Amino acid sequence: MVQACTELSLDHLGDLNVPNPAWSNLVYKFPDESDYKVIDMPLLIAQVTRFSCGGFSLGLRICHCICDGLGAMQFLGAWASTAKTGFLVVEPKPCWDREVFKPRNPPMVKYPHIEFMKIHDISNLTNSLWEVKPLQKCYWLSREFQTHLKSIARPMDSLGCTTFDAMAAHVWRSWVKALNIKPLDFGLRLTFPVNARTKLKNPPLKEGFYGNVVCVACATSTVSNLINGSLQDVTRLVREARLEVSEEYLRSTIDYVEVDRPNMLEFGGKLTITQWTRFSMYETSDFGWGRAIYVGPLDLTPTPQVCVLLPEGVVNYNGAMVVCICLPEAAANRFKELLCLMETS
């Protein structure tokens, strides 16, 4: 727990409705800390910074191995409620029964788990994002826009699609087009976390479990099929990857990691999209001073192949979404055109 103060007021931070890498000093980092360090790090780091105007920020770093987004919201809500009431509030009672996630003996890997495979990146994708520091860009999309997108992205079958299916397909396709990825026959991956809590039946998770129950879904396509195929085709790929995540898929993932644990983050040919719009971030983060102005990540540029879908932080939230993504300066305008003008042919 770190306490800090500044002579600046909150107004000096600029637009408080979208994340800004310039706010990095509001989150504590050790002086000699290396990038992506996990081992020998505290599981939770919190920095409270008081501003001259009377406002404050709470910068949190939580080890993702310990909890997922829902678990983090559970912790944050209990902390905020405890601060407001003056006595310990834990509802539901925290549960840490990780034994349910033990690998099977012997392990039974029943899926290829392409999401974890190392791919030799012969494309220009990784270099274009990592050699030159990309820009972090945010795009506001109304609920009406999302509804329209879903209607034109829906595959022509009886299964339909979710708003996330349509949005992820559209962002992935627009991203690939804007980056002008070559060669056209190179295989790309879209990965996204799926909440597997409701998938577990044997045995089901206990109420209050705050650990990580995220399973990584993976859609694949060549560059050519993404840019030349229809939005409906890409949406179908995302939907199939999402629906493939079952209890057996989760068990297979655990066994795969037991047999062949990845030893590093793998970014070859990959975009990862994570959805935060369903988290009760603003409702759970009231420590007694009212609703927060902004809740969410600050800086995505250290992992520029990650896109975050955020809820709009207004009081009367009506379903608008903020797409936060990293792009080279040369591709930013093209991505905006593709995303917002909906060139979906």
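The values are calculated or read from the model by the stated rules, or taken from the named source; none is laboratory data. Bear in mind the structure is a predicted one, so any value in this text is a computation, not a measurement. Cβ coordinates were reconstructed from backbone atoms using ideal geometry, including for glycine residues, and neighbour counts include every protein chain displayed.
Just name the residue that is surrounded by the fewest Cβ atoms within 10 Å (Cβ to Cβ) out of those in the range 306-334 that are more than 24 Å from ASP165 (Cβ to Cβ) and of a type in the set (S, T, N, Q). If we take residues in the range 306-334 being more than 24 Å from ASP165 (Cβ to Cβ) and of a type in the set (S, T, N, Q), then ASN316 is surrounded by the fewest Cβ atoms within 10 Å (Cβ to Cβ).
For the range 81-97, the set of residues classified as surrounded by 11 or more Cβ atoms within 10 Å (Cβ to Cβ) and either without any contact (Cβ under 8 Å) to a residue 24 or more places away in the chain or out of contact with any strand residue (DSSP E or B) (no Cβ under 6 Å at 6 or more places or on another chain) (or both) consists of SER81, THR82, ALA83, LYS84, VAL89, VAL90, PRO92, PRO94, TRP96, ASP97, listed by residue number.
Here the condition is being closer than 30 Å to CYS63 by Cα and modelled with pLDDT under 95; of ARG197, ARG242, it holds for ARG197 alone. Summed over the range 312-345, the residues that are touching a strand residue (DSSP E or B) at 6+ places or on another chain (Cβ under 7 Å) and either at pLDDT 95 or above or under 22 Å from LEU149 (Cβ atoms) (or both) give a count of 15. Per this entry, VAL100 is not counted among residues that are surrounded by 13 or more Cβ atoms within 10 Å (Cβ to Cβ), touching a residue at least 12 places away in the same chain (Cβ under 8 Å), farther than 27 Å from CYS340 by Cβ and touching a helix residue (DSSP H, G or I) at 6+ places or on another chain (Cβ under 9 Å).
Identification of strands (runs of 3 or more DSSP E) wholly contained in the range 1-75 with 2 or more residues that are within 23 Å of the chain's Cα centre (by Cα) yields 44-50, 56-62. If you check every pair at least six apart or on different chains, which have Cβ atoms under 7 Å apart with a residue in the range 314-331 that is farther than 20 Å from SER142 by Cα first and a residue that is polar (S, T, N, Q) second? Note: pairs meeting the criteria are CYS326/GLN136; CYS326/THR301; PRO328/SER128. In the set (1) in contact with a Phe, Trp or Tyr (Cβ under 7 Å, 6 or more places away or on another chain); (2) modelled with pLDDT under 95; (3) under 20 Å from SER246 (Cβ atoms), the condition left unmet by VAL109 is number (2). Scanning the range 242-301 for residues that are over 17 Å from the mean Cα position of the chain (by Cα), at positive phi and touching a residue at least 40 places away in the same chain (Cβ under 8 Å) gives GLY269, GLY288.
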